[in-house]
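Once you've had a glance at the structure underneath, I'll fire off some questions.
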Amino acid sequence: MFKNKFILILILVTVLSPFISSLLNFYADWLFFVETGFSAVFTTTLYAKVGVGLFFGAVLFAVIIINLFYANRTHFPNTGIFIAGGGYRYKRDEAMRLVKPVASLISLALALLAGNWGALQWEEVLLFANRVNVGTVDPVIGKDIGFYLFSLPFWEGLKGYAGFVLLATAVVTGAVYFVRGGIILNERGVTIEAQVRRHLAVLAALFACVIAAGFYLDSFRLLFANNGAFNGAGYVDVNSRLLTYKMLTLLTPLAGVMLAFGIWKSSWRVALLPPVAVIALYVVGIRVYPGLLQKFKVAPNELALETPYIENNIKFTRFGYDLDKIETIPFDVDTRLSAADIANNDATIKNIRLWDHAPLLKTYSQLQQIRTYYKFFDVDNDRYLVNGKYTQVMLSPRELSYADLPSKNWINERLIFTHGNGITFGPVSRISKEGLPEFFVKDIPAVSLADIKVTRPEIYFGELSNDYVVVKTRVPEFSYPTATGNINTTYAGTGGVPIDSLLKKTLFAARFKTEKILLSSDITAESRIIYNRNINQRIRAIAPFLRFEGDPYMVVDEGGRLKWLVDAYTHSDRLPCSKPLKGGINYMRNSVKAVVDAYDGSVSFYISDPNDVLAKVYSRIFPGLFKPLSAMSADLRKHVRYPHQFLQLQAAMFAAYHMTDPKVFYNKENLWEIPALGDKPMEPYYTIMKLPGEKLEEYILLLPFTPSKRDNLAAWLTARCDGENYGKIRAYTFPRDRLIYGPKQIDARINQDSFISQQLTLWSQRGSEVIRGSLLVIPIEKSLLYVQPLFLAADKAGLPELKRVIVAFGDEVVMEENLELALQRLFGGKKAVAAVVGAVTAEAQASPAALAKEAMSIYEKATTLQRQGNWAGYGEELRRLEQVLKRMAK
């Protein structure tokens, strides 16, 4: 007896465990949405899932039960006492006693399956319920694009569901009839009673209507066809398959009626002839005739016949990836760049990025990691107004690496080591005499060498954060190390969920599978548990219907707080006639900017493209989720940038779809490609420069193009990031009647330069690793500069040092210790030196009061470094103080 009870308890635990786990996750998710202020998003999604799931499950259950009720009412007096088939015999009366409960249980199981499937369709249902018209119709059938984006997925799902309901009903009902004797298997074949035939005839007619609905919907899917040279419906689709689908849509219900009539009357010839006719029409009209039409009519005259359909593909692909906004401008390049032009574009020159992300990440890690348990995961590119100058910078957050903690235990990982600390922040182009980067912000605690201040350096939410920590406990949190000991802190933010009850302790102990949360005496009523700390997981949990950029970047706001900015995309695979990506997506917009506070985890979503139709519909579904971009604080808006991954995607499409003439497109007469150095295509890069025709420098994203299978330049694409110009894209095209060197040709000329190649060989022979940085194309006035940094490291794990800068212009290639010397060699000593001296003289003419203020600031930083035991930094500040004092003494 005890054994039986134990087994029963074990079965109950096995059955209930998934349910209890789901309930715990549900409550934890609810608390998370309440914490972030998006409880309305949670409830909207929940109501949609529950409502749709219940509807689909209840409809299926009701349909099957109604059919079972009819089947169980029917009597078949002439049946035998045994159910025979396949060598087996069962007593019919015993089977009939079980048929009702078993059929009901099967119906319930199928209803649960349908309900679960229906709950997964919540997004399609909400999109359909909140659909809007786009105002553009497809060029073949004439439906508004909104139908394809919002209605077609819903109707396709509903059609599949209806077919499943009817098939499940037929199978379950047929099994009941078989048990009850309405269907008999014997040596002569199958005998079906008249009542059963009539019942199945009705189901067959209904199923034929579902098939007809499928043919109707398939006619719309012709607009997603791949026709080789282009995407979308082609001549054969429109003139053969579309007509066939229309005929099938009309004839299939009639065939279903004839099928039902034949079954009703037990006339198998009448029953089978109409389905055979439909199948024959499908094979001939969808498979055979289109193949013949393509081979004998279209293929010999493809361009003439397919021209209007190629136009459709060009139009809708450009719409799908927002390529219509790209403004094409001729760029008449010349080689008359002078030292005066260099001086006039001083801001562009000073912001040429010399520090590559990979070498700089290694350098930051070795110079600024401070302790082994800190880690720089990524280096981000941005722009700031630094000491009154518009400056491009590289910035990397110093996050806590839990994998590298010296002592791993629950208290260390969850209560003490709770956050990263600060950032490393410096200009993109300045280097020390040792070939190392200069810093605007560095060290722990943050030491600012410019007017950028970090007042809240703690990083509780980042890219490396673990799943949860508990703050405001009796155990002090580790803040940062010093020469004399560790500095502790206590969390003062509003992030996380209060653990102020035994219920919540129990919940989170079960959720994170540790009893320590429940038993720890260090956790008080004031304690808070912070989870969903990884920023990518955090924002995806709130808005799973968006796609997010894989490269979040950190911003220091005017108050000195650290914020994460993440680009998000609306997307669809249902735009007709648009070329899809590998995953099937053929419509995408960078419509949303997400902001996450690194200290308290607060999340905000801002609409950056109010014209995006998908963003409009999601805003209707979740009214409180999105804010207009104008609601973002002004200091954060200054750091919004065009996402480089999206521009790379647009560039890949624009390489072919800049050709708007169908004939040119078909013949690929002006096909472009993104240049590659080695096996990897170039990526878009940020820079500050003055665009042709503009008066001021601005922060832009740039990517060059070359003609297909050739190495010279064809164009360069730029996306603007600042102010009212944000999101504007220009394509500057080069003349096609002359040679403009491309990156691969410049790279070859660098390799062929005897002095450079000898120097590289010499360094390699001495055991140093030579790292060739990114080759950047920098437009200045009407000319192009090519700049490539050169890094040296003692070995693969060594500290990369920026030792040389290679600059190419026209037919000349030079390599010098820095960019200024290289430009001086290229554009003449006197004028270049005059420009540099002029800049130094202007700096020297600063007022005595300003110099005194700078000296005092350096002195305060030096004393702070001295207290921390950072003697190298202290000596550096003393040297800077000496220089300022010398300037004051002049």
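The values are calculated or read from the model by the stated rules, or taken from the named source; none is laboratory data. Here the structure is a predicted model, which means the values were calculated and not measured. For neighbour counting, all protein chains shown are included, and Cβ atoms are generated from backbone atoms with ideal geometry for every residue, glycine included. Each accessible area value is taken on the protein alone, full model and side chains, heavy atoms only, with ligands, DNA and RNA left out. Shrake-Rupley method; radii C 1.70, N 1.55, O 1.52, S 1.80 Å.
Among the residues of the range 591-615 satisfying the criterion of being assigned to a loop (DSSP other than H, G, I, E, B) and free of Cβ contacts under 8 Å to residues at least 24 places away in the same chain, which is nearest to residue 494 (Cα to Cα)?
Step one: of the range 591-615, the residues assigned to a loop (DSSP other than H, G, I, E, B) are 598-602, 608-612.
So of that shortlist, the ones also free of Cβ contacts under 8 Å to residues at least 24 places away in the same chain come out as 610-611.
Details: 610: 31, 611: 35 Å.
If we take residues in the range 591-615 being assigned to a loop (DSSP other than H, G, I, E, B) and free of Cβ contacts under 8 Å to residues at least 24 places away in the same chain, then 610 is nearest to residue 494 (Cα to Cα).
Next question, about the same structure. Could you tell me which residue of the range 127-146 is nearest to residue 69 (Cα to Cα), considering only residues that are open to solvent by less than 30 Å² (accessible area, probe 1.4 Å) and of a type in the set (A, V, I, L, M, F, W, C)?
Among those residues, the one meeting the criterion is 127.
Out of the residues in the range 747-777 that are of a type in the set (Val, Ile, Thr) and surrounded by 16 or more Cβ atoms within 10 Å (Cβ to Cβ), state the one that is nearest to residue 674 (Cα to Cα).
Within the range 747-777, the match that is nearest to residue 674 (Cα to Cα) is 777.
Rundown of residues vs (1) touching a helix residue (DSSP H, G or I) at 6+ places or on another chain (Cβ under 7 Å); (2) farther than 25 Å from residue 690 by Cα, yes/no style:
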{"site": "724", "(1), (2)": "no, no"}
{"site": "750", "(1), (2)": "yes, yes"}
{"site": "758", "(1), (2)": "no, yes"}
{"site": "762", "(1), (2)": "no, yes"}
{"site": "768", "(1), (2)": "no, yes"}
{"site": "772", "(1), (2)": "no, yes"}
{"site": "775", "(1), (2)": "yes, no"}
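Here are some residues: 106, 83, 65. Which one is surrounded by 14 or more Cβ atoms within 10 Å (Cβ to Cβ), touching a helix residue (DSSP H, G or I) at 6+ places or on another chain (Cβ under 7 Å) and either modelled with pLDDT under 65 or not in a helix (DSSP H, G or I) (or both)?
83
For the structure I just gave you, tell me whether residue 390 is within 30 Å of residue 223 (Cα to Cα), more than 27 Å from the chain's Cα centre (by Cα) and of a type outside the set (Lys, Arg).
Judged against the criteria, residue 390 is not a match.
Can you pull out every residue in the range 109-129 that is over 18 Å from residue 50 (Cβ atoms) and either free of Cβ contacts under 8 Å to residues at least 12 places away in the same chain or outside any helix (DSSP H, G or I) (or both)?
Listed by number, the list holds a single entry, 109.
I've got another one for you. In the range 452-462, which residue that is over 16 Å from residue 489 (Cα atoms) and open to solvent by less than 10 Å² (accessible area, probe 1.4 Å) is farthest from the chain's Cα centre (by Cα)?
461
Given the structure, is residue 169 hydroxyl-bearing (Ser, Thr, Tyr) and surrounded by fewer than 17 Cβ atoms within 10 Å (Cβ to Cβ)?
no
For residue 597, are the conditions met, namely being of a type in the set (D, E, K, R) and either crowded, with 22+ Cβ neighbours inside 10 Å or within 23 Å of residue 129 (Cβ to Cβ) (or both)?
The answer is no for residue 597.
Could you identify the single residue in 256, 232 that is at positive phi and open to solvent by less than 60 Å² (accessible area, probe 1.4 Å)?
232
For the range 650-677, name all the residues that are assigned to a loop (DSSP other than H, G, I, E, B) and over 23 Å from the mean Cα position of the chain (by Cα).
Matches in the range 650-677: 658, 659, 660, 661, 668, 669, 670, 671, 675.
Only one of these conditions is not met by residue 228: (1) within 30 Å of residue 577 (Cβ to Cβ); (2) modelled with pLDDT of 90 or more; (3) not basic (Lys, Arg). Which number is it?
Status for residue 228: all satisfied but (2).
Still on this structure, I have one more. Being assigned to a loop (DSSP other than H, G, I, E, B) and open to solvent by 10 Å² or more (accessible area, probe 1.4 Å) is the filter here, so list the residues in the range 697-726 that pass it. Break it down into steps so the answer makes sense when it comes.
Looking only at the range 697-726, we keep the residues that are assigned to a loop (DSSP other than H, G, I, E, B), and these are 697, 708-714, 721-722, 726.
Listed by number, the residues that qualify are 697, 708, 709, 710, 711, 712, 714, 722, 726.
Another question, then. If you scan the range 341-366, which residues turn out to be open to solvent by less than 10 Å² (accessible area, probe 1.4 Å) and part of a loop (DSSP other than H, G, I, E, B)?
Passing the criteria: 345, 351, 352, 354, 355.
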